[in-house]
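The values are calculated or read from the model by the stated rules, or taken from the named source; none is laboratory data. Note that the structure is predicted; figures quoted are calculated from it, not measured. A quick note on method: Cβ atoms are made from the backbone with ideal geometry, for glycine too, and the neighbour counts reach across all protein chains shown.
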Amino acid sequence: MRIFLSYVAISVLSNVLFAADRPNILYIMSDDHAAHAVSAYGSRLAQIAPTPNIDRLANEGALFTNAFCTNSICSPSRACVLTGQYDHVNGAFDLDGRVPPGRQMLAIQMKQAGYQTAMVGKWHLKDEPADFDYYCVLPGQGEYHNPEFRVRGEKPWGKNLIRFDGMHVTDAITDISIRWLKEQRNPAQPFFLMHHFKAPHDYFDNAIRYEDYLRNVDIPEPDTLWKRSPKFGSIATRGANDELIPHIGTSIGSRNPRRSYLRDLPRMYPAEFPPNYDPGNYSDEQNTRLAYNAYLRKFLRCVKGIDDNLGRLFAHLEQTGLMDNTVIIYTGDQGFMLGEHDYQDKRWMYEESQRMPFLVRYPKTIRAGQRFDAIIENVDYGPTMLDFAGAEIPSTVQGRSFKTLLESGTEPGDWKQEAYYRYWMHMAHHDNPGHMGIRTKTHKLIYFYGCNYDGGYQTPPGWELYDLIHDPHETQNIYDDPANAEIAGKLKQRLADLRNRVGDDGSHFPACEKIVQEFWDYDDTDRRRAVEISHEYLARRQEELKAGKNSPRTWRGATP
């Protein structure tokens, strides 16, 4: 027994000594921070709302223009990063998603590689993050002001709480991480810290000190906020003869009668609107512009808070000599619609929602100022971090490390040429139909199959194809253009092959898969049935609105 214990002690000691030569890893993730709200990406917002601390990572490291989430919603995206698996494999299909202790792969593998592990901020995966050495996480979504955090303690999970009275959550999360680095970090070990901001998740409640930021600035608008091209979307997102435009996708202006920022924000943030504001005194265009500016100002104030706090965090790393020996990653858990197509929230496979910011700095091996158009997915983030740590990447991981790409500056010849996407929460919360699709460097094919897990609560099925080279803002659905029949057919086959390759074989929810297959060919019979479903859904939605019924929780359970 003494010999065995000595062997274990030597193994642990040698692992720790070996790990001490490896970089620290700091993974920073904000909630709903779209790439086009990071000034390094050069969007319409870059000049009025710069993000210098986030941009530093791009200037001194690398930025990816084709980083994508596989399911644009909070819990599933976080599960993908933590497990390296697609949601149909890790089981976190929707906001009920969880990753129980023993399956929190990234924390487990880092610890086995000799890393000290910590999880701070928004967790949103229900089960205790027990596979981390340390955690201090928000309960569920958490609060913007006076936040409480769950910590380890004598009571059961969720009952041990600490509170930060008088503080904004972004400041508190940064304080917690800096305190952990100062007081609990073991200098003999490299650290792996997941630092997750709640901001800028809606509804966007910034710290009071930012109330005057952008106060009198008119926020640049996307053209698609106003111009809904008749070729944008499909029967799936517009309905037959455009009859579902008010009911598919929540809106900035008054388009969606159930939920819009025009309806919500004047009540929540009256200071962002004219005194004694009454929408009846303004035109539709004026009301939409007021709601858009209120929305963007609150969102960008939250982003400003994040960037300033990253300045604090980076200053601490500089002062302690840790900055250049730390792989620093900044990303969001998905993108976000900032008024494009008059949509709010995320969930869509459209670019602003599917695309994630991804910036990384590690001056020892990553050359400064690089921009990559290689396709990466959030399932690749975990194995990449493990690769930098010299840790084992389990065979259960579906993603692939792109460390070699970062260090060589060259995309490997066998690198993936497509990203897979699937949104499962059919018509929940923000009225987005269930859909799946494939995204290449040049095209995007989206299949709106339009049903819940039981195959019910149907919306009209439809296909959309976008040429991202000539139409980067996705205004022209070219699926039905005869000139694009060949590319549509090839992409449809690639989507089918990709589904098989990632394991989305339909066995998880057979009734849903039956609908997926029923409309896959989309022949004349399918199209006629889609028109019927559109009329049926409109009648149903009108009855629900008359009854005062808000968005039903339809993605699980039987058809309501």
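Worth a mention:
- Of the numbered criteria (1) closer than 24 Å to Val397 by Cα; (2) crowded, with 23+ Cβ neighbours inside 10 Å, the one Ser75 fails is (2).
- Set side by side, the residues Leu495, Leu545, Leu538, Leu465 differ, and just one is on the phi < 0 side of the Ramachandran plot and surrounded by fewer than 17 Cβ atoms within 10 Å (Cβ to Cβ), which is Leu545.
- Residue check for Arg78: within 15 Å of the chain's Cα centre (by Cα), modelled with pLDDT of 95 or more and among the basic types (Lys, Arg): yes
Condition check ((1) touching a residue at least 24 places away in the same chain (Cβ under 8 Å); (2) in contact with a Phe, Trp or Tyr (Cβ under 9 Å, 6 or more places away or on another chain)) across all residues:
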| position | (1), (2) |
| --- | --- |
| Gln286 | no, no |
| Tyr292 | yes, yes |
| Arg297 | yes, yes |
| Leu313 | yes, no |
| Asp324 | yes, yes |
| Val327 | yes, yes |
| Thr331 | yes, yes |
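- Inclusion of Tyr447 among residues that are without any contact (Cβ under 8 Å) to a residue 40 or more places away in the chain and crowded, with 20+ Cβ neighbours inside 10 Å is not warranted.
- Index of the failed condition, Ile178 passing every other in (1) touching a helix residue (DSSP H, G or I) at 6+ places or on another chain (Cβ under 6 Å); (2) part of a helix (DSSP H, G or I); (3) crowded, with 20+ Cβ neighbours inside 10 Å: (3)
- Residue in the stretch 424-441 that is surrounded by fewer than 24 Cβ atoms within 10 Å (Cβ to Cβ), at pLDDT 95 or above and more than 19 Å from the chain's Cα centre (by Cα) present: yes
- Here Cys74 clears all of (1) touching a His at 6+ places or on another chain (Cβ under 9 Å); (2) farther than 25 Å from Ile375 by Cβ except the condition numbered (2).
- Positions within the stretch 342-383 being among the charged types (D, E, K, R) and within 23 Å of Pro246 (Cβ to Cβ), in sequence order: Asp342, Asp345, Lys346, Arg347, Glu352
- Residue in the stretch 229-249 that is buried (at least 17 other Cβ atoms within 10 Å of the Cβ) and more than 30 Å from Arg528 (Cβ to Cβ) present: no
- Filter result for Ile173 (among the aliphatic types (A, V, I, L, M), out of contact with any helix residue (DSSP H, G or I) (no Cβ under 6 Å at 6 or more places or on another chain) and outside any loop (DSSP other than H, G, I, E, B)): yes
- Members of the stretch 207-240 found to be of a type in the set (Ser, Thr, Tyr) and either within 22 Å of Gln458 (Cβ to Cβ) or in contact with a Cys (Cβ under 6 Å, 6 or more places away or on another chain) (or both), listed by number: Ser234, Thr237
- Subset of the stretch 363-386 [more than 23 Å from Glu351 (Cβ to Cβ) and either of a type in the set (Gly, Ala, Ser) or over 23 Å from the mean Cα position of the chain (by Cα) (or both)]: Pro363, Lys364, Thr365, Ile366, Arg367, Ala368, Gly369, Gly382
- In the stretch 325-421, counting only helices (runs of 4 or more DSSP H) that sit wholly within it, the ones holding 2 or more residues that are of a type outside the set (S, T, N, Q) and under 17 Å from Pro23 (Cβ atoms) span 381-389, 403-408.
- Residues that are within 14 Å of Lys159 (Cα to Cα) and assigned to a strand (DSSP E or B) within the stretch 125-143 comprise Tyr135, Cys136, Val137, listed in sequence order.
- For the residues Ala9, Ala92, Ala46, the requirement of being surrounded by fewer than 19 Cβ atoms within 10 Å (Cβ to Cβ), at pLDDT 95 or above and not β-branched (Val, Ile, Thr) singles out Ala46.
- The one condition in (1) closer than 14 Å to Gln344 by Cα; (2) aliphatic (A, V, I, L, M); (3) part of a loop (DSSP other than H, G, I, E, B) that Leu262 fails to fulfil: (3)
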